[in-house]
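> Pasting in a structure now, in structure tokens, and then I'll have a few things to ask.
The values are calculated or read from the model by the stated rules, or taken from the named source; none is laboratory data. These numbers come from a predicted model, not from an experiment. Using ideal geometry, Cβ is built from the backbone for each residue, glycine included, and neighbour counts are taken over all protein chains shown. Just so you know, the surface numbers come from the protein's heavy atoms only, side chains and all, with ligands and any DNA or RNA stripped out. Shrake-Rupley method; radii C 1.70, N 1.55, O 1.52, S 1.80 Å.
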Amino acid sequence: ALGIRPTKALGQNFVHDAGTVRRIVRSAGVRLDDTVLEIGPGLGSLTLALLETGARVIAVEIDPALARALPVTVADRMPQAAGRLTLIQADALSITGPQSLGQAGAPPARLVANLPYNVAVPVLLTALEALPSLESVTVMVQAEVADRLAAEPGSRTYGVPSVKAAWYAAARRTLTIRHVFWPVPNVDSALVELVRRRPPTTRATREQVFAVVDAAFAQRRKTLRKALARLAGGADAAESALRAAGIDPTRRGETLDITAFAALAEVLQPVVADETAAPTPPTSQEQS
């Protein structure tokens, strides 16, 4: 009816099963009068399940045709909830704070979404940084991405997404979801839940910590002494910084938790200050 063909460029795989979206909403603990952010509402099945609880929904949709259609869908199928939907046509990566959501009321306390596969991690990290009001996140992502977000140090799937997500929240993978999408993707999806917590105590900024994380994982098979040599100004300087932070220089980045990275960034703070003078949005590296 809308003349829409799902595109890989926008990571569009629309969930269509009513039971699945209601399970997601139950898992997220959405309650009456909650304000929920939904990114990439698509055809609106999850939107309707969220509105069904009595929550207010702020939906951010990048596709103009889908953005135009969503309020019509809600008005047609759930007219009593139409006043609780706020639709914003925008790229979720452009969210810079509550003001960018155009909200006069309470900022969202929950993010519940079926995130586009191709930008799931950058979108998630952007939202967590821009919206401190978010207390919990429940998102459906590619199963491999869910594993990475919830991975513990030392595990095979632990990497940049694991560490950066841990700066903001504790993450765990829950449901595996199959065969409820149009078009059907070639991989499984999974639900990952994140609960906001305070970042590690450190004098280093988030940007400085993330710069150290990026450097540590840029060459996964190398020891931290070698991996951080360029950032620190040489292997010897990297070793000195690692020892000052109480970290064995022969360890690898995948063995450090976010607290250790924060301690290391604090030691390296003068070195990385210039590189992180201006905050930058998450990049595709954060999905690796």
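> Within region 211-219, identify whether any single residue is open to solvent by 30 Å² or more (accessible area, probe 1.4 Å), within 26 Å of residue 148 (Cα to Cα) and modelled with pLDDT of 95 or more, and answer yes or no.
Checking region 211-219: at least one residue is open to solvent by 30 Å² or more (accessible area, probe 1.4 Å), within 26 Å of residue 148 (Cα to Cα) and modelled with pLDDT of 95 or more.
> Can you find even one residue in region 4-13 that is open to solvent by less than 40 Å² (accessible area, probe 1.4 Å), in contact (Cβ under 8 Å) with a residue 60 or more places away in the chain and assigned to a helix (DSSP H, G or I)?
No, region 4-13 has no match at all.
> Also: Across region 168-189, which residue is modelled with the lowest pLDDT among those that are under 18 Å from the mean Cα position of the chain (by Cα) and open to solvent by less than 20 Å² (accessible area, probe 1.4 Å)?
189
> Scanning region 118-161 for residues that are touching a strand residue (DSSP E or B) at 6+ places or on another chain (Cβ under 6 Å) and among the hydroxyl-bearing types (Ser, Thr, Tyr), which turns out least open to solvent (accessible area, probe 1.4 Å)?
138
> Can I ask one more? Which members of region 44-71 meet the condition of being open to solvent by 50 Å² or more (accessible area, probe 1.4 Å) and without any contact (Cβ under 8 Å) to a residue 40 or more places away in the chain?
Hits for region 44-71 are 52, 64, 68, 71.
> Considering each residue of region 244-288, count those that are at pLDDT 60 or above, open to solvent by less than 50 Å² (accessible area, probe 1.4 Å) and within 24 Å of residue 147 (Cβ to Cβ), and give that number.
Summing the residues that are at pLDDT 60 or above, open to solvent by less than 50 Å² (accessible area, probe 1.4 Å) and within 24 Å of residue 147 (Cβ to Cβ) in region 244-288 gives 7.
> All but one of (1) open to solvent by less than 30 Å² (accessible area, probe 1.4 Å); (2) at positive phi hold for residue 102; which doesn't?
(1)
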